[in-house]
Structures are given as C-alpha cells and as structure tokens.
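S.K.: The structure under discussion is supplied below as structure tokens; questions concerning it will follow.
The values are calculated or read from the model by the stated rules, or taken from the named source; none is laboratory data. All values derive from a computational prediction rather than experimental measurement. Neighbour counts are summed over all protein chains in view; Cβ atoms, including those assigned to glycine, are modelled from backbone coordinates with ideal geometry. To get the accessible areas, we keep the full protein, side chains included, count just its heavy atoms, and leave off ligands, DNA and RNA. Shrake-Rupley method; radii C 1.70, N 1.55, O 1.52, S 1.80 Å.
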Amino acid sequence: MSEIWVLVDKAQDTVRNVTYEVLSAASKLKEKNGATVCAVYVGDNSGAIEADLGKYGAEKFYKIENPALKDFNPSLYAAALSEVIKKHNPDIVLGGNTLQNQDFLPRVASRTAAGLCLDAIDVDMSSSSTLQVKRYKYSGKSIATISFHDVKPMIATVRLNAFKPTEGSASAEVVSESVDLPSDENYKVIETKIIPKERPELTEADKIVSGGRGMANGENFKVVYDLADSLGAGAGASRAAVDSGWVPYEMQVGQTGKVVSPNLYVAVGISGSVQHYAGMGSSKVIVAINKDPDAPIFQKCDYGICGDLFDVLPALTDEIKKLG
Ligand SMILES: Cc1cc2nc3c(=O)[nH]c(=O)nc-3n(C[C@H](O)[C@H](O)[C@H](O)COP(=O)(O)OP(=O)(O)OC[C@H]3O[C@@H](n4cnc5c(N)ncnc54)[C@H](O)[C@@H]3O)c2cc1C
C-alpha cells in the first residue's frame, strides 16, 4: 500500500495548525489513489499527539525520536528523515511551507534523489498517480502547475492557510523509528530564545492588518495595532515601513518578507507594489485603505476605502469594538 507522509510541525507542546491543514491536503490526494495518510514527527519527543493527528486523518504515525533532534539542526533532521524514507519508500512527502521545512527538505530531496516543489497553493493527483502542484509564479502574477515525473518520493511544501483542516475519524497506529545519527560538528545550537508574541504570528494568522509608508512614523502604527487587536488579527508592514525603522523586519510581508494567506488582509497606507502583493496576494479577502484613488492596491483589493487612514482607522476600530 502506498503512503503519503505529512510532517508534523510542533511548537513547544502543541501541534501547529499547519499540520492539520497539510493532513487535509493529503486526504484530498488519498481520495484519488487510496494511499495511507501518515503523520511523521522528527524531533526528540513528540508527546501523546496521535489522537489529534488521527482526528485530522492520519492513519499511521511515524515517530522519529532521538535526543540529538531536540533542537532543529537541518543536517541531522535531513539525515534522520532520509533514513526512514529509504526504509519505507513513501510516494509523497508533504509539509507546511515553514522556514524549517524550506531549510531541511531540499537536503532530504538531495539525499533520497526525490523531486521537490516548495510553496504549493494546491495539490492534486494525475490519472497516472503523479503529484501535481500549483504554485505562484512571477510574484503572484500567474499560477504554474508542476508535475513530478518518474521520481519517488515526490516532496512538496504547502503554503500555510491554503487548505482548511477537516476532521476525520481515523485512529493513528504509532510506529517508532530509531535512527543512528552522526555527530554534527558543523552546526551547534547555542541558545534558543522564544520571542513572546502580543499578536498572532503572521504566517498563521486568520486576519492581518498591515501598515505601509502612509503611516509616516513608528508611533502612528498604534492605529494599526488597535485595529488588529479589535479584530484579533496579526500586525504586518510593507518593506517601506520596515526599512524606515518604524517596525521590526519580522513584520514585513512580501517578496523579501513573509508570505501570508489569511482570510482577511487589511492594507493601510500601502500602495500595492508587486513585491508586497507577492506576499499577500493569496489572501481570501483584501481590504485597502488609501487616500490616493489611483493607488494600484485598489486594482487588487476586494474592498477599498479611499480616505485618510488617520480618519478611517479609528472610526473602523470603534465600529468593530461595538460589534463586540
Ligand atoms: C527586490 C525587492 C524586494 C522587495 N520586497 C518587498 C517586500 O517583501 N515587501 C514590500 O512591501 N515591499 C518590497 N519591496 C519594495 C516595494 O517595491 C515597494 O517599494 C514597497 O512595497 C512600498 O511600500 P508602501 O506601499 O508602504 O509605500 P508606498 O509605495 O510609498 O505607498 C504608500 C501609500 O500610502 C498612501 N498614503 C500616504 N499617506 C496616507 C494617509 N494618510 N492615508 C491613507 N493612505 C496614505 C499613499 O497614497 C501610497 O499609496 C521590494 C522591492 C524590491 C526591489
């Protein structure tokens, strides 16, 4: 029986939502080829997560656990996963398009002579059981369909929020895999710092409010944070705002920042450059607030408010607060 593997993404003690999203993508493929959907954990201790994984469609759960995998180390993670791939020979390996997966999956592809495609917005299966992946090209101006040919496994990462997690009723059979890992002298984790977050992480947020050069300075971002907090949204920024030193780089959305795909993206004082659009163009609903009626963002949004952001944002925040 062929298998589709889904990499488990875990932050501290919780399985991140992207794991369930990618399990849904795998379940969609299973409908075409009847493969077994398997969750795969690489790390030092998965904890008891098999019930949750089963609830979202995992029928099997491979645990690749080793104390040396406590901290993320791309070469050790690649060695561990590659060894288990060679043993079980899955058809497809999927993971979220996270920085960690972008880092180590190319090494896995190289070690296992696999095909690799990053940042899929959709996955499908051809009649000949070939994985087909849709991904954006040219900063989001077109969508390419990429087919894997005569290669196994077919490895792909799936953009966060591209699939909705769907609950199933499978129960995951646990399979523990032990791996022999070489000591890695080239890469040592000295310290891991968890940065406390006031708002949802952008790549996972369901809603995002972003400010651009129109904010004029860092203090003015308060109106962006107020609107974001009233919506329970993450707060982002254009590169112009980041380069001006108003907000940190971790808030940058775009080609050289984070790629986000929320249900709601509110662009405030952002003109709508192709580089910004490359990072947020796949948002489900885009709202633009800009005082220039000719700003390109108005060609790309679902709803536009033409006005001064310093009038519009406080009024909008008040109305949203009234809705409770
Ligand atoms: C290789 C490369 C990579 C890049 N990567 C990124 C990236 O990752 N992310 C990114 O964002 N950019 C990126 N850029 C930069 C990009 O080209 C734009 O310069 C940038 O996105 C512009 O940011 P902005 O829209 O905030 O500023 P602007 O283009 O200056 O737009 C500001 C907007 O604010 C409006 N405004 C001003 N005052 C008000 C007000 N009071 N009320 C309402 N509206 C107001 C204006 O009408 C204007 O439309 C990249 C560029 C290059 C060359």
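Each row is one residue, and each column tells you yes or no for (1) open to solvent by less than 10 Å² (accessible area, probe 1.4 Å); (2) aliphatic (A, V, I, L, M); (3) touching a residue at least 40 places away in the same chain (Cβ under 8 Å); (4) near the ligand (Cβ under 7 Å from one of its atoms).
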{"site": "Ala241", "(1), (2), (3), (4)": "yes, yes, no, yes"}
{"site": "Met251", "(1), (2), (3), (4)": "no, yes, yes, no"}
{"site": "Val259", "(1), (2), (3), (4)": "no, yes, yes, no"}
{"site": "Ser271", "(1), (2), (3), (4)": "no, no, yes, yes"}
{"site": "Tyr277", "(1), (2), (3), (4)": "no, no, yes, no"}
{"site": "Ser282", "(1), (2), (3), (4)": "no, no, yes, no"}
{"site": "Val285", "(1), (2), (3), (4)": "no, yes, no, no"}
{"site": "Lys300", "(1), (2), (3), (4)": "no, no, no, no"}
{"site": "Pro314", "(1), (2), (3), (4)": "no, no, yes, no"}
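S.K.: Given (1) at pLDDT below 95; (2) over 20 Å from Leu116 (Cβ atoms), where does Pro74 come up short, assuming only one miss?
M.R.: (2) is the only condition that Pro74 fails.
S.K.: Among the residues of the range 203-228 satisfying the criterion of being of a type in the set (D, E, K, R) and more than 22 Å from the chain's Cα centre (by Cα), which is farthest from Gly279 (Cα to Cα)? So that I can check it myself, show each step before the final result.
M.R.: Step one: list which residues in the range 203-228 are of a type in the set (D, E, K, R), which gives 204, 206-207, 213, 219, 222, 226.
Those still in the list that are more than 22 Å from the chain's Cα centre (by Cα) too: 213, 219, 222, 226.
On the way: Arg213: 17, Glu219: 24, Lys222: 23, Asp226: 23 Å.
So the residue we want is Glu219.
S.K.: Is it the case that some residue within the range 221-235 is farther than 22 Å from Lys321 by Cα, open to solvent by 10 Å² or more (accessible area, probe 1.4 Å), within 14 Å of the ligand (Cβ to nearest atom) and in the same structural domain as Ala278 (by TED's automatic domain parsing)? Walk me through how you get there before you give the answer.
M.R.: Residues of the range 221-235 farther than 22 Å from Lys321 by Cα: none.
Checked the range 221-235: no residue is farther than 22 Å from Lys321 by Cα, open to solvent by 10 Å² or more (accessible area, probe 1.4 Å), within 14 Å of the ligand (Cβ to nearest atom) and in the same structural domain as Ala278 (by TED's automatic domain parsing).
One line per residue, one yes/no per condition, for (1) under 16 Å from Val37 (Cα atoms); (2) among the β-branched types (Val, Ile, Thr); (3) in the same structural domain as Ser273 (by TED's automatic domain parsing):
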residue	(1), (2), (3)
Val123	yes, yes, no
Ser127	no, no, no
Arg135	no, no, no
Ala162	no, no, no
Tyr187	no, no, no
Ile190	no, yes, no
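S.K.: From (1) under 19 Å from the mean Cα position of the chain (by Cα); (2) of a type in the set (S, T, N, Q); (3) surrounded by fewer than 23 Cβ atoms within 10 Å (Cβ to Cβ), pick out the condition that doesn't hold for Asn97.
M.R.: Every listed condition holds for Asn97 apart from (3).
S.K.: Okay, next question. Leu309: touching a residue at least 24 places away in the same chain (Cβ under 8 Å), in contact with a helix residue (DSSP H, G or I) (Cβ under 7 Å, 6 or more places away or on another chain), more than 7 Å from the ligand (Cβ to nearest atom) and not assigned by TED's automatic domain parsing to the domain that holds Ser139, yes or no? Let's see the steps before the verdict.
M.R.: Working: touching a residue at least 24 places away in the same chain (Cβ under 8 Å): yes; in contact with a helix residue (DSSP H, G or I) (Cβ under 7 Å, 6 or more places away or on another chain): yes; more than 7 Å from the ligand (Cβ to nearest atom): no; not assigned by TED's automatic domain parsing to the domain that holds Ser139: yes.
In short, no.
S.K.: Determine if the range 19-40 includes at least one residue that is at pLDDT below 95, under 16 Å from Gln100 (Cα atoms), open to solvent by 10 Å² or more (accessible area, probe 1.4 Å) and in the same structural domain as Lys152 (by TED's automatic domain parsing).
M.R.: no
S.K.: Mind listing just one residue for me: the one in the range 287-298 that is touching a strand residue (DSSP E or B) at 6+ places or on another chain (Cβ under 6 Å) and not in a strand (DSSP E or B) and, of those, nearest to the ligand (Cβ to nearest atom)?
M.R.: Ile297
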